[in-house]
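The values are calculated or read from the model by the stated rules, or taken from the named source; none is laboratory data. No experiment lies behind these values; they were computed from the predicted model shown. As a convention, Cβ positions derive from the backbone with ideal geometry for all residues, glycine included, and neighbour counts pool all protein chains shown.
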Amino acid sequence: MLTIEGLTAGYGSEPVLVGVTLAVEPGLTGIVGPNGAGKSTLLKAMLGLMPAAGTVRYAGRPLSWQRERLAWVPQRSRVDWTFPATAMDVVLMGRIRPHSWLQPLTGGDRRRAIAALERVGMADYGDRPIGRLSGGQQQRVFLARALARDPEVLLLDEPLAGVDRPTEETVWSILRELAAEGKTLLMVHHDIGMARNVFDRVLLLNRQVVAWGVPEQALTAANLQRAYGQTLAVA
């Protein structure tokens with residue numbers, strides 16, 4: 001189980017996230033909330049990419065001690081797509097071992113990377129420069145990078161933003177498979193209506209936890225009013 005206790009983070013002296021506490025079981029968990037609610041900040045704090053107070057543990061041990069069990073898919077808009085790397089280069093980055101940057105990659109690492117590209121439908125694009133791929137293809141490659149790591153915990157920051165329908169369907173299919181395999185997935189998502197139907201549990205966030213639980217309990221009209229400050233028409 002993944003446990004978060006009293007997680008507080010921000011930029012400078014301004015807190016963006018305050019006292020987040022929850023226990024996340026294996027399965028597909030959605031993180032929703034208004035712009036500026038701290039959704040991406042939560043993932044970054046969990047990853048150790050920014051200073052934060054509080055604790056994040058997996059299987060009873062600090063998550064920061066278990067980097068090899070963790071992978072993440074960042075927002076496309078935050079990636080430098082001009083970096084001179086092929087799709088295979090990017091996926092192989094997922095096989096680099098924490099604290100072992102100088103350890104050479106093996107044939108087994110390359111086989112894992114090839115299998116990950118095949119799983120996301122990008123087997124024929126391994127030699128293609130990442131900057132020459134479409135937005136949907138780029139997102140598939142970053143998902144493949146995460147899959148190549150064979151993680152137990154996967155964090156995804158709006159992986160479906162701006163992608164084409166085939167990519168969206170592929171991503172959802174893979175995420176459901178991973179959840180069925182007992183992986184723990186946390187995914188930032190913006191579509192409240194879809195969140196009701198696709199996630200096992202939902203975290204409704206606005207700087208702090210507004211609601212947490214199965215979708216029908218977390219995404220009530222009252223909770224959405226508290227989070228967004230207005231009445232939302234949700235199908």
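Among the numbered conditions (1) within 26 Å of Ala161 (Cα to Cα); (2) surrounded by fewer than 21 Cβ atoms within 10 Å (Cβ to Cβ); (3) touching a strand residue (DSSP E or B) at 6+ places or on another chain (Cβ under 9 Å); (4) among the polar types (S, T, N, Q), the only one that Thr41 does not meet is (2).
Examine segment 55-62 for a residue that is among the polar types (S, T, N, Q) and assigned to a loop (DSSP other than H, G, I, E, B), and state whether such a residue exists. So far as segment 55-62 goes, no, none of its residues is among the polar types (S, T, N, Q) and assigned to a loop (DSSP other than H, G, I, E, B).
Quick grid of which residues meet (1) closer than 26 Å to Ala161 by Cβ; (2) polar (S, T, N, Q):
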{"site": "Met93", "(1), (2)": "yes, no"}
{"site": "Arg110", "(1), (2)": "no, no"}
{"site": "Gly126", "(1), (2)": "yes, no"}
{"site": "Gly131", "(1), (2)": "yes, no"}
{"site": "Ser134", "(1), (2)": "yes, yes"}
{"site": "Leu143", "(1), (2)": "yes, no"}
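With the structure loaded, tell me whether Arg112 is basic (Lys, Arg), closer than 22 Å to Pro159 by Cα and in a helix (DSSP H, G or I) or whether it fails that test. Against the criterion (basic (Lys, Arg), closer than 22 Å to Pro159 by Cα and in a helix (DSSP H, G or I)), Arg112 qualifies.
For segment 30-51, does any single residue satisfy the condition of being within 10 Å of Ala9 (Cα to Cα), in a strand (DSSP E or B) and modelled with pLDDT under 95? Checking segment 30-51: not a single residue is within 10 Å of Ala9 (Cα to Cα), in a strand (DSSP E or B) and modelled with pLDDT under 95. Scanning segment 115-141 for residues that are part of a loop (DSSP other than H, G, I, E, B) and closer than 25 Å to Arg69 by Cα yields a count of 4. Can you spot a residue in segment 169-184 that is of a type in the set (Lys, Arg), surrounded by fewer than 23 Cβ atoms within 10 Å (Cβ to Cβ) and modelled with pLDDT under 95? Scanning segment 169-184 turns up no residue that is of a type in the set (Lys, Arg), surrounded by fewer than 23 Cβ atoms within 10 Å (Cβ to Cβ) and modelled with pLDDT under 95.
Number of residues in segment 118-146 that are touching a residue at least 40 places away in the same chain (Cβ under 8 Å), closer than 16 Å to Ser173 by Cβ and surrounded by 17 or more Cβ atoms within 10 Å (Cβ to Cβ) equals 6.
Being closer than 17 Å to Val214 by Cα and either more than 12 Å from the chain's Cα centre (by Cα) or modelled with pLDDT of 95 or more (or both) narrows it down to one residue among Val153, Val198, Val141; which is it? Only one candidate qualifies: Val198.
Of the residues Ala115, Ala87, Ala161, only one is within 21 Å of the chain's Cα centre (by Cα) and crowded, with 17+ Cβ neighbours inside 10 Å; which?
Going through Ala115, Ala87, Ala161 in turn, the sole match is Ala87.
The residues listed here are Arg196, Arg176; of these, the one that is part of a helix (DSSP H, G or I) and closer than 21 Å to Val141 by Cα is Arg176. If only residues of segment 12-33 that are in contact (Cβ under 8 Å) with a residue 24 or more places away in the chain and surrounded by fewer than 18 Cβ atoms within 10 Å (Cβ to Cβ) are counted, the one that is nearest to the chain's Cα centre (by Cα) is Gly27. Exactly one residue out of Ala144, Ala71 is part of a strand (DSSP E or B) and small (Gly, Ala, Ser), and it is Ala71. Hey, can you tell me all the residues within segment 39-55 that are closer than 21 Å to Leu175 by Cβ and either of a type in the set (Val, Ile, Thr) or in contact with a Leu (Cβ under 8 Å, 6 or more places away or on another chain) (or both)? Hits for segment 39-55 are Lys39, Leu42, Leu43, Met46, Leu47.
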